[in-house]
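Notes follow once the structure below has been shown.
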Amino acid sequence: MLGRTASSLFWMSRYQERAQNTSKILETAYRSAMVPQSGQTENGEWLNALETAGAAAAYEFNIGEVSPKGVMNYLIFDRNNPSSVRVCIETARNNARAVRTAITSELWEAINTTHLEFADVNPQSLTPDKIPDFLAWISQRSHLFRGSLLNTTLRDDGYFFSQFGTFVERADNTARVLNTRYWVLLPDNDVIGDDDFERPQWSDILRTLSGKRSYRFAYPNAKLKAYNIAEFLILRKEMPRALAHCYDWIDDTAKDMAQFYDTTEVSLGLAEEIYSSLQKMTMREIFDIGLNDFLTEFRTRNNNFANQLSHDFNFA
Amino acid sequence: MTEEQAFFNEMQDAAGNPRAAYTALANWLKDQPPNLLKKKSREAETIFRRLGITFAVYGAEDSGERLIPFDPIPRILSASEWRKLSAGIDQRVRALNAFLHDIYHRQEIIRAGRIPAELILQNDAFLPEMVGFAPARKVYSHIIGTDLVRVAENEFYVLEDNTRTPSGVSYMLENRETMMRLFPDLFQMHRVAPVEKYPDLLRQTLESVGPDQAKSDQTIVVLTPGIYNSAYFEHAFLADSMGVQLVEGPDLFVENGRVFMRTTRAPQQVDVIYRRIDDAFLDPLTFNPESMLGVPGIFDAYRAGNVTICNAPGTGIADDKAIYAYVPEIIEFYTGQKPILNNVPTWHCSRPDDLAYVLDNLEDIVVKEVHGSGGYGMLIGPTASKKEIATFRKILENNPSNYIAQPTLALSACPTHVASGVAPRHVDLRPFVLVGDKVRITPGGLTRVALKKGSLVVNSSQGGGTKDTWVLED
């Protein structure tokens, strides 16, 4: 396989995943902006959405004042925002187009149709009542992409590079979501002393990572608790957006790759190392290290893995 | 004579009776509900868009990706018409390849005085770098699209030979797939020769000219300029249907006189390159040093016989518009036979007498740039305004040797779906020919249709559409 093909498959998946993550962040902001909460700054949810998407500084520089419409437009439609949903969908599609021969027609049609339909949407026509459906549509299209990838793609190196892209992006997103408001997850900060008090930010975090329902199943007898939520999203590999889940996939994929290429490249070893450290750790240890430090460190390691992968397999 | 009879109508004769090959189709068309074609056209458009069968238009205002309009009514050729056409094409592509070998070697045709030396030696399309080098099997132009037009029952003319990197074959294949989905009943009523073997034949052709014929599995690649090229879809389509890699220049490199591709494993040697980039961009070390699309050193690897490039560099001389007029000579010189297919009579504006005639008759003729393509920079006298003609006259007078002229041909017309129903529209035909260990001609081709009433410009860049082309079997 060409190095360029590997690169395109990797980035196609990353951008498709990023489009979905951004839409989930907005879904959450949209919802919590409707629920009155005491002691909240004006447009705090929208500022938080920008921060979670890693776009706050760029927004301030390019747009300025934070407003619901402004943030929505910047994160969904703005061509100058390199992580807007529009740019993600276009970039995913251009990468797919560059390797049209390396993906199945089902996968191509999923990506291409998303691109075509998105391009037809007039941002002006997207009135507030239509936003939830539109954001849900973006998620659905991403699920169609994943479904096509899983159900139609030959399990060869192309498939492996696509998987790496998805889970590197997803792990980074989860770590970012957690880190943006890590302090609300610190058990020691929970000084209110009332076990029944559930912070609204906890629901937001779970919702952004599509984990609100599954949390209740994973912790049947527990209320929302900072400790549990952090554990759920970091260490529980049965949670599809948890860091451990992402690295479970990445490690499996790395093993398949090692077998497929009959090689032991550095990146494949790194994947195993990151996964096994997540397996061994407990939440107690993570809180001892410091949640913020742990998450920052994790993002760096995740990034190093991606860089090493592209180095090992000759793609930029 | 009414306007309707001023051209050859392929479906029906002057009395309005359907011709033999079209009988079943004509009857079928009569029986269809009025909105069927409209509905089917829309379905076809959805299919094309979903599959990403698009092309880019250069210089268009909204230069995004477009669909080439697809006309759902097939163009039909009878078995006997096809036999004559394919014999003529076969003769022509053999002669042109022999011509290419000759002018890059002994130049017998110049010695024999059949073609003026300066027409070849001073032609930009003649590559001195190719002199003395013989590609595998002495084949230069492996993939050719011969442009034909029809003016009467048995009268076809060759308009252009397209010996460099002809495009459009993916439309021939996708149009057929789409038609089979839209109109299964029509296929049951006709014995249509299949075109689907083209990608296999292309692969066999490319393999047959690999540098090392003893090698059992040769690595073939399609070299594309990338996703912004107007024919990118086709490049991807052909690579995919042949089961070979689609590469861009930076994916390849040259080491020890051999060409390799950068893969996720060790570098892999490449044997045959079906390139879809122009000569000038092929190798920045040999040709255009500014080229970002090519592969440094690839020409040396080629001359060392370690890789085959299809089509060979320097084949452009064979479809140069200045050489075109000599193709009948070329055929006679190399095959000893009379040409089966005729050329369109051509005036060379570089010759004073011809220029004078052209300037006197601009209203009635077609003037083209010698090196132009795609319908850009041409004048169609009969449909041009006085002002356009006046402007063009000045351009022509300033640089006459850059132009040739031809009479306006009354292109044949085929039934086409238009707003008011079904009406005749002018068409041309590009069959696709492969030359390797043998000549392979796929029965069919790309029919381009001028969708505007009375228009003779069929180029997709100028608003033309395409049709599926059926060759009936006996």
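The values are calculated or read from the model by the stated rules, or taken from the named source; none is laboratory data. None of these values were measured; they are calculated from a predicted model. We place every Cβ from the backbone using ideal geometry, glycine too, and count neighbours over all the protein chains shown.
Numbers at a glance
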item: Test: residue in region A:273-281 that is within 14 Å of another protein chain (Cβ to nearest Cβ), crowded, with 20+ Cβ neighbours inside 10 Å and within 20 Å of the chain's Cα centre (by Cα); result: no
item: Verdict on residue B:421 being of a type outside the set (Ser, Thr, Tyr) and at pLDDT below 95; result: yes
item: Some residue of region A:163-184 being within 14 Å of chain B (Cβ to nearest Cβ) and of a type outside the set (Gly, Ala, Ser); result: yes
item: Selection count, region B:167-199, where residues are among the charged types (D, E, K, R) and over 19 Å from the mean Cα position of the chain (by Cα); result: 4
item: Hey, residue B:340 under 30 Å from residue B:197 (Cα atoms) and in a strand (DSSP E or B) or not; result: no
item: Close pairs from region B:234-253: first within 7 Å of another protein chain (Cβ to nearest Cβ) and of a type in the set (A, V, I, L, M, F, W, C), partner crowded, with 22+ Cβ neighbours inside 10 Å and not in a strand (DSSP E or B), Cβ under 7 Å, at least 6 apart; result: B:236/A:100; B:246/B:224; B:246/B:235; B:246/B:236; B:246/B:239
item: Subset of region A:85-129 (residues that are under 26 Å from residue B:237 (Cα atoms), away from chain B (no Cβ under 12 Å) and small (Gly, Ala, Ser)); result: A:92
item: Where a residue in region B:115-127 is of a type in the set (Phe, Trp, Tyr) and its partner, wherever it lies, is surrounded by 18 or more Cβ atoms within 10 Å (Cβ to Cβ) and in a helix (DSSP H, G or I), with Cβ under 8 Å and at least six apart; result: B:126/B:103; B:126/B:120; B:126/B:317
item: Tally of residues being touching a helix residue (DSSP H, G or I) at 6+ places or on another chain (Cβ under 6 Å) and of a type in the set (Val, Ile, Thr) across region A:1-51; result: 4
item: Any hit, region B:211-223, residues being in a loop (DSSP other than H, G, I, E, B), buried (at least 19 other Cβ atoms within 10 Å of the Cβ) and more than 13 Å from every other protein chain (Cβ to nearest Cβ); result: yes
item: Any hit, region A:68-89, residues being under 20 Å from residue B:47 (Cα atoms), among the charged types (D, E, K, R) and free of Cβ contacts under 8 Å to residues at least 24 places away in the same chain; result: no
item: Matching strands (runs of 3 or more DSSP E) fully within region B:382-462 where at least 1 residues are of a type in the set (Ser, Thr, Tyr); result: B:403-407, B:413-418, B:446-449
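Every residue, every condition in (1) more than 20 Å from the chain's Cα centre (by Cα); (2) at pLDDT below 90; (3) polar (S, T, N, Q); (4) not assigned by TED's automatic domain parsing to the domain that holds residue A:262, yes or no:
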| position | (1), (2), (3), (4) |
| --- | --- |
| A:52 | no, no, yes, yes |
| A:63 | yes, no, no, yes |
| A:70 | yes, no, no, yes |
| A:89 | no, no, no, yes |
| A:115 | no, no, no, yes |
| A:121 | yes, no, no, yes |
| A:138 | no, no, no, yes |
| A:142 | no, no, yes, yes |
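Let's see how each residue does on (1) within 14 Å of chain B (Cβ to nearest Cβ); (2) surrounded by 19 or more Cβ atoms within 10 Å (Cβ to Cβ); (3) among the charged types (D, E, K, R):
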| position | (1), (2), (3) |
| --- | --- |
| A:13 | no, yes, no |
| A:18 | no, yes, yes |
| A:26 | no, yes, no |
| A:43 | no, no, no |
| A:46 | no, yes, no |
| A:55 | no, yes, no |
| A:70 | no, no, no |
| A:73 | no, no, no |
